[in-house]
1. Dipole magnitude of segment 46-178 about its Cα centre, charges +1 at Lys/Arg Cβ and -1 at Asp/Glu Cβ only, in debye to the nearest 20?
2. Give the relative contact order (percent, whole number) for segment 1-83; include only Cα pairs under 8 Å separated by 6+ residues.
3. If you stretched the chain out fully between D251 and K37, how much longer would it get, using 0.36 nm times the residue separation minus the C-alpha to C-alpha distance?
4. Which one of I197, I215, I39 has the biggest mean-square fluctuation once the chain is modelled by GNM with Cα springs under 10 Å?
5. Ranked from the most accessible area to the least, with a 1.4 Å probe and all protein chains present, what is the order of K397, K56, K344?
6. Accessible area per residue for segment 289-440 in Å², computed with a 1.4 Å probe and the full protein assembly in place, what is it?
7. If I take R0 = 30 Å and measure r between the Cβ atoms of S8 and M402 in this structure, what FRET efficiency does the formula 1/(1 + (r/R0)^6) give, to the nearest 0.05?
8. Could you rank M382, M281 by how accessible they are, 1.4 Å probe, largest area first?
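The values are calculated or read from the model by the stated rules, or taken from the named source; none is laboratory data. As the structure is a prediction and not an experimental result, all values here were calculated from the model. So basically every Cβ, Gly included, is an ideal-geometry build from the backbone, and we count neighbours across all protein chains shown. Each accessible area value is taken on the protein alone, full model and side chains, heavy atoms only, with ligands, DNA and RNA left out. Shrake-Rupley method; radii C 1.70, N 1.55, O 1.52, S 1.80 Å.
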Amino acid sequence: MQVTETLSDGLKRGFMVVVPEPELAAKREQRLAELSKTIQMPGFRPGKVPMNIVRKRYGDAVAAEIVEGAVNEAHSQLLNERNLRPAMQPKLEITKPGTESDLEFTVEMEILPEVAIPDLSDVTLSKPVAAVSEEKIDEALKNIAEQRKSFTKVEEERPAAAGEQLKVDFVGKIDGVAFEGGTAQDVALTVAGPGFIPGFTEQVEGMKAGESKTITVTFPEDYGAKELAGKTAEFEITAKELAVAEIPAIDDELGKAVGLEGLEQLKERVKEQIGREYEGMTRAKLKRALLDALAEKALFDAPVSLVDAEFDAIWRQVEAEKEAGEQDPDDAGKDEETLKAEYKAIADRRVRLGLLVAEIGRANDVQVTDQELQRAMFNEAMRYGAQAMQVVEFFRKNPQQMERFRGPIFEDKVIDFLLGTVKQDEVSVSAEELAKDPEE
């Protein structure tokens, strides 16, 4: 194999590779000889088919097979001998076929940069920590009690008050025509409560069971059904049954109702749960600060091909969100050129951080175990509720799909490793400060 470097510009590399024809011819003859021992043809005993017939029938297929194998072998040898790590799949182009001549092909690629692991001894992260207050525990207990409330039918004939539950039938119309999804029966509404269309539940306040009325509402501009967004509709409502909520007392019986010994154990569990939520928010802020520090030290050029691929993925998401009316408020009013420049910078940062995190993980032998992949798969399946076992079965039949979890797990393990090495200054903050987005 002869290799000539044709391009060396930054991270771009190009090579001309030549595999001599005699080497290819020898491999062709060897492969044809192997075939002649196994093929069967009418009129010939097994293994006794003349070579000229074997060559005539299988010569072209064998030649193509040998060329493909030679290209793959020469390409691998090139990468190994020159210690090249392509950023993406190299581009190969055959310029001489290698059938009755030398095999000649070109290879073009971008290689991964040399990534030096930075010294983090000068990095000190601020670690925000919030204590779980009694007010938060009380608030959580009230929510638990609220979730276990029951409703008792009101027998007397009286107007529905805010906070009560009113069961209704309704028919929605736009310009006098009923629309799809606008008709329902036995819908339980919280009077003047959240949900449904803004202004809907407020207008059923004061209705009595058996009473009918027509209300007018306007669908929000960002309503999920685009054909209804921003339109005004009339709803003919019939009230059927009024019920009042009965919220259980926050006492030992509430604790027992959720499977615990009593109220004190329930408080402990609530405090632990809130504490875990706070720890998650603390870690998220530490991770963000750590990545910011790493980004400042990732002083190398990122492969253009990787940055372009990352940018394309980001931009597709940006356009999809814009199409769905969910554009980031910070992007509003910016022209496309400005937005693309900003997101290109984000893509560049992500790629450089990804390469640096990968190198730190490699240097410190960070591994993702099969058990961790299994745990991630089960966590993913649990998100699908009643369909969880179907999701588990899908991954069992398609184990290669498990690889989607490897990257995030690997990154988290590297982040945890680094957080165990850098200095951290603990700072007491309120729960509200801890939950606040750092960009707000």
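1. That gives a dipole near 700 debye.
2. It comes to 24 percent, rounded to a whole number.
3. In short, 68.4 nm is gained.
4. Of I197, I215, I39, the most mobile in the Gaussian network model is I39.
5. Largest accessible area first, the residues go K56, K397, K344.
6. Per residue, segment 289-440 has an accessible area of 64 Å².
7. The formula returns an efficiency of 0.20 here.
8. Ranked from most to least accessible, the order is M382, M281.
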